[in-house]
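S.K.: Take this structure, written in structure tokens, and hold onto it; I'll ask about it next.
The values are calculated or read from the model by the stated rules, or taken from the named source; none is laboratory data. Keep in mind the model is a prediction, meaning the values are calculated, not measured. Here the Cβ is made from the backbone with ideal geometry for all residues, glycine too, and neighbour counts use every protein chain on show. Please note that ligands, DNA and RNA were not included when accessible areas were found on the heavy atoms of the full protein model with its side chains. Shrake-Rupley method; radii C 1.70, N 1.55, O 1.52, S 1.80 Å.
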Amino acid sequence: MKNEREIPELQVCIFSAEVISFTLNGLYMPESDSLRLSGNCKVFYDGGSMVLVSGDREIESSDQLVLIPVDPGSSSFTLQDVIIGLNFHWQRKEDQSFIGCLKFIAGEEKITAINLISIEEYLKSVISSEMKATASEELLKAHAVISRGWLLAQMEKRRNLDSEAGRYDTNFTTDSEIVRWYDREDHKKFDVCADDHCQRYQGITRAGTPVVAKAVEETSGEVLTYEESICDTRYYKCCGGVTELFENVWEPV
């Protein structure tokens, strides 16, 4: 069915570091300022404040800073040394480019880079990053539907956790066992991360094909639902020969 809810702006965490170097490929302006920034920049945490350096300019913020493209249609930004495959045997760093807005938040003496992007643009990268952009059109469409559904389900659950205490229990205890689910509490300051923990998202670095764009556009807003709720459509590329019930891994439903 078609999802009739208003599509929200998505916040995707790219990575965290003590110092983040990046390049603005086009003009960007801070959310609360009229400055125009471009070129090579860096942001770091210093004495309780976040400091962004662009040429001979410095901008300080106590907790967050958002950079907005002046011309969204022709601008992008490149983050250097993005950590991918965190805590997996293929963990490495690479430069990655993104469209949309760039948000920085400070915490625990580190800076976190977050991409503000529309859900449909996000999906174009996801289905090109999780699998091959050259896959068949129908497979790409199916992937777009389940990736969209998983994402919206997570966002909905987080809102419910914030507003309806007790609806989603994160643990239960009996005389013989303690069972706890951690998945829904991993991300509190953004919607999802860009790594394997959530869905692989690599911006425009892994450029999709026209078929990918078509698959996302032709399934725009489509999700699977059950009893008027969006299904949490988890998926995997390889199960290693072993599968498990959803209720034993993510939540008791």
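S.K.: May I ask you to verify whether Thr219 is more than 17 Å from the chain's Cα centre (by Cα) and open to solvent by less than 60 Å² (accessible area, probe 1.4 Å)?
M.R.: yes
S.K.: Across region 27-56, what is the number of residues that are at pLDDT 90 or above, out of contact with any Pro (no Cβ under 6 Å at 6 or more places or on another chain) and assigned to a strand (DSSP E or B)?
M.R.: Within region 27-56, residues that are at pLDDT 90 or above, out of contact with any Pro (no Cβ under 6 Å at 6 or more places or on another chain) and assigned to a strand (DSSP E or B) number 16.
S.K.: List the pairs whose first member sits in region 75-91 and is modelled with pLDDT under 80, whose second member is buried (at least 19 other Cβ atoms within 10 Å of the Cβ), and whose Cβ atoms are under 6 Å apart, counting only residues at least 6 apart or on separate chains?
M.R.: Leu86/Asp195
S.K.: OK, next. Output the residues belonging to region 68-80 that are within 17 Å of the chain's Cα centre (by Cα) and not polar (S, T, N, Q).
M.R.: Phe77, Leu79
S.K.: For region 69-78, state whether one or more residues are open to solvent by less than 80 Å² (accessible area, probe 1.4 Å), among the hydroxyl-bearing types (Ser, Thr, Tyr), under 30 Å from Asp196 (Cα atoms) and in a strand (DSSP E or B).
M.R.: Checked region 69-78: at least one residue is open to solvent by less than 80 Å² (accessible area, probe 1.4 Å), among the hydroxyl-bearing types (Ser, Thr, Tyr), under 30 Å from Asp196 (Cα atoms) and in a strand (DSSP E or B).
S.K.: On to the next question. Please specify each residue of region 79-98 satisfying the condition of being aliphatic (A, V, I, L, M) and surrounded by 22 or more Cβ atoms within 10 Å (Cβ to Cβ).
M.R.: Selection gives Leu79, Val82.
S.K.: Let me ask something else. Check Ile127, Ile111, Ile146, Ile119 and return the single one that is at negative phi, open to solvent by 40 Å² or more (accessible area, probe 1.4 Å) and touching a residue at least 12 places away in the same chain (Cβ under 8 Å).
M.R.: Unique residue meeting the criteria: Ile146.
S.K.: Does region 118-127 contain at least one residue that is part of a strand (DSSP E or B) and either under 17 Å from Glu18 (Cβ atoms) or in contact with a Cys (Cβ under 7 Å, 6 or more places away or on another chain) (or both)?
M.R.: no
S.K.: Does any residue of region 13-25 turn out to be under 22 Å from Leu123 (Cβ atoms), part of a strand (DSSP E or B), open to solvent by less than 70 Å² (accessible area, probe 1.4 Å) and polar (S, T, N, Q)?
M.R.: no
S.K.: Among the residues of region 204-250, which ones are of a type outside the set (D, E, K, R), assigned to a helix (DSSP H, G or I) and either out of contact with any His (no Cβ under 8 Å at 6 or more places or on another chain) or at pLDDT below 90 (or both)?
M.R.: Across region 204-250, the qualifying residues are Pro210, Val211, Val212, Ala213, Val216, Phe246, Asn248.
S.K.: May I ask you to list the residues in region 224-253 that are of a type outside the set (A, V, I, L, M), in contact (Cβ under 8 Å) with a residue 40 or more places away in the chain and closer than 17 Å to Ser147 by Cβ?
M.R.: Thr225, Cys231, Asp232, Thr233, Arg234, Tyr235, Lys237, Trp250
S.K.: Which one of the conditions (1) modelled with pLDDT of 95 or more; (2) at positive phi does Phe22 fail to meet, given that it meets all the rest?
M.R.: In the conditions (1) modelled with pLDDT of 95 or more; (2) at positive phi, Phe22 misses (2) alone.
S.K.: Another question, then. What number of residues within region 34-49 satisfy the criterion of being of a type in the set (Ser, Thr, Tyr), farther than 17 Å from Phe77 by Cα and out of contact with any Ser or Thr (no Cβ under 7 Å at 6 or more places or on another chain)?
M.R.: 2
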